[in-house]
Amino acid sequence: MIPLILSILRHSKGMYYLRPMQSRPYSYLFSISYFGARYKGWAPQPNQPTVQRRIERVIGHVLGHTDFSLIGASRTDSGVSCKQGYFQLFLKEGVNFKNLLEELNTFLPEDIRILDAKEVPFNFNLIGSVGEKTYRYYFSKDPKFHPFASALVTMVNFDLDQENMSKAAQLFVGEHDFWTFCKPSPQKTKYTREVLSAAVHRSNETFGPFPPDDVFYFEVTGKGFLHHQVRKMMTAIWEVGSGNWQLNDITERLEQPREEWEQIPPAPANGLILWETVLKSEG
């Protein structure tokens, strides 16, 4: 077994991260984009296709060995896409990272692209360096919605009021306990997250040769998100937009998250995109 020397780095909020150090002292930061429809999320799962597993397989092929480790800045869910994210690669020996980028893109499938690469100091902490993440969720109420548009847009089959959806989105801004708006885990104890901005916009973008009419997107920026948080927030916004909920139905769940509320189903994964990841430092 390859020895792993660990360094404990302190985050500004008192959180601690364990990361590989001297055993693989060469570190590289990659910017990445992927279409998530074929994958069961980012993180490795037994006998399942995931984005990280596919990248690791290609890195091993290009380098000719598996003596490396990799961490991602985000763990997207099954079916969720990413326009701009990061991962960090640790190696025992240095490489020409520009050549490595080109070779990786040669062998990666067309639904995964590495956008950029740079060498970073061995003590660069990717997880601790993430300052903000922005997600967009695209949806349409077009009655003539074409199935091909479902690659990146979710169809909703009920009327929605944009003004009420915008008011609902604003309620999430600030620091809240999002217990009701996520999938709780026995391993997690803290459910407070800070949302920096949240809004619903009408989209003017074109989605392939079969673009739907009446496309909207929910854009939310925060310092970090819980499992299914954005997708459950989307469902709640739809509930208000359709008239099934009032605004105080969201407010009460934020103010009293541990009450016995009916579970909120997450919106479908296909409309969600990790739009941007902002690093406080890139080494």
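We did not get these values from a lab; they are worked out from the coordinates using the rules stated. Quick caveat, the model's predicted, so the values are computed rather than measured. Heads up, the Cβs are rebuilt from the backbone with ideal geometry, glycines too, and the neighbour counts pull from every protein chain shown.
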Dipole moment magnitude, nearest 20 debye, the chain about Cα centre, only Lys, Arg, Asp, Glu C-beta charged: 1000 debye
Gaussian network model of the chain, springs between alpha carbon atoms under 10 Å - residue of Glu103, Glu194, Glu205 with greatest fluctuation: Glu205
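Which length gain, in nm to one decimal place, applies between Glu255 and Thr189 when the Cα-Cα distance is subtracted from 0.36 nm times their residue separation?
Details: separation 66, 0.36 × 66 = 23.76 nm, distance 1.75 nm.
My answer for the length gained is 22.0 nm.
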Inter-site label distance for Glu175 and Asn99 at 7 Å from Cα along Cβ, in nm: 4.9 nm
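Where Lys and Arg each count +1 and Asp and Glu each count -1, what net charge lies around Ile264 among other residues with Cβ under 11 Å from its Cβ?
In short, +1.
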Taking Met155, Met233 and counting other C-beta atoms within 10 Å, the order from fewest to most: Met155, Met233
Cβ charges +1 (Lys, Arg) and -1 (Asp, Glu), total dipole of the stretch 15-124, debye: 260 debye
Cα lying deepest toward the dipole's positive end in the chain, options Leu279, Leu91, Ala37, charges on Cβ: Leu91
Residue of Val120, Val220, Val195 that the Gaussian network model of the chain assigns the largest fluctuation, springs spanning Cα pairs under 10 Å: Val120
Candidates Lys223, Lys98, Lys188: whichever shows maximal mean-square fluctuation once the chain is modelled as a Gaussian network with Cα springs under 10 Å: Lys188
Tilt relative to the chain, helix 51-63 - C-alpha long axis, 0 to 90 degrees, to 10: 20 degrees
Order of Arg53, Arg38, Arg24 - criterion: other Cβ atoms within 10 Å of each residue's Cβ, fewest first: Arg38, Arg53, Arg24
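Computed over the Cα atoms, what is the radius of gyration of the stretch 15-124 divided by 2.2 N^0.38 Å, N being its residue count?
1.02
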Listed residue pairs exceeding 27 Å between alpha carbons, taken from Lys133/Lys232; Lys167/Lys223; Lys83/Lys141; Lys183/Lys223; Lys190/Lys280; Lys40/Lys167: Lys40/Lys167
Sites Asp142 and Glu110 - FRET efficiency at Förster radius 30 Å, r taken between beta-carbons, to 0.05: 0.65
